[in-house]
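Since the structure comes first, as structure tokens, the remarks are kept for the end.
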Amino acid sequence: MTVDAQIRRDIILLAGSLRTRTTAWDPNRPNRWEPLTVRNPHGILESYFTDSTAWDLIVNQLQSGCEITTKKLRKPPGRTAYVMKIDLGTNDPVIYVKVELGSGKIYG
């Protein structure tokens with residue numbers, strides 16, 4: 001299921017702020033945030049995404065109309081994740097992004 005415009009705006013707003021985005025690992029909210037393993041085709045030479053450029057990519061893709069779907073999480077149970085599959089138009093694999101909103105924060 002795709003999401004409405006308000007959710008898209010919320011994700012853009014929260015992902016764009018250092019104060020509201022987090023990638024900290026928590027056993028109650030497990031994640032795999034690994035931008036340093038993903039090649040950035042728009043970077044210099046053989047560069048990889050950083051935390052900051054990964055969040056920038058999410059914001060830019062959403063502002064450009066990237067499709068967002070939902071997925072029910074097992075941890076935390078019953079919560080909703082927002083999923084984007086970002087194709088950078090290169091020979092690199094599609095980037096799978098899953099975020100969760102909660103308490104004025106976005107969890108990557």
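No value in this document is a laboratory result; all are computed from the given coordinates. Keep in mind it's a predicted model, so treat the numbers as computed, not measured. Here the Cβ positions follow ideal geometry from the backbone for every residue, glycine too, while neighbour counts run over all protein chains shown.
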Problem - Residue count for region 1-23, restricted to those that are without any contact (Cβ under 8 Å) to a residue 40 or more places away in the chain and within 16 Å of the chain's Cα centre (by Cα) - result: 5
Practice task
Can you work out which of the residues in region 14-32 that are in contact with a strand residue (DSSP E or B) (Cβ under 9 Å, 6 or more places away or on another chain) and of a type in the set (A, V, I, L, M, F, W, C) is nearest to Leu62 (Cα to Cα)?
Solution key: Ala15
Practice task
State whether one or more residues within region 10-17 are of a type in the set (Val, Ile, Thr) and crowded, with 16+ Cβ neighbours inside 10 Å.
Solution key: yes
Problem - Per-region count, region 40-89, residues surrounded by 14 or more Cβ atoms within 10 Å (Cβ to Cβ) and small (Gly, Ala, Ser) - result: 2
Practice task
Go through the residues of region 14-35 one by one and say whether even a single one is farther than 19 Å from Tyr107 by Cβ and of a type in the set (Gly, Ala, Ser).
Solution key: no
Practice task
Please verify whether region 60-72 includes one or more residues that are without any contact (Cβ under 8 Å) to a residue 40 or more places away in the chain and among the aliphatic types (A, V, I, L, M).
Solution key: no
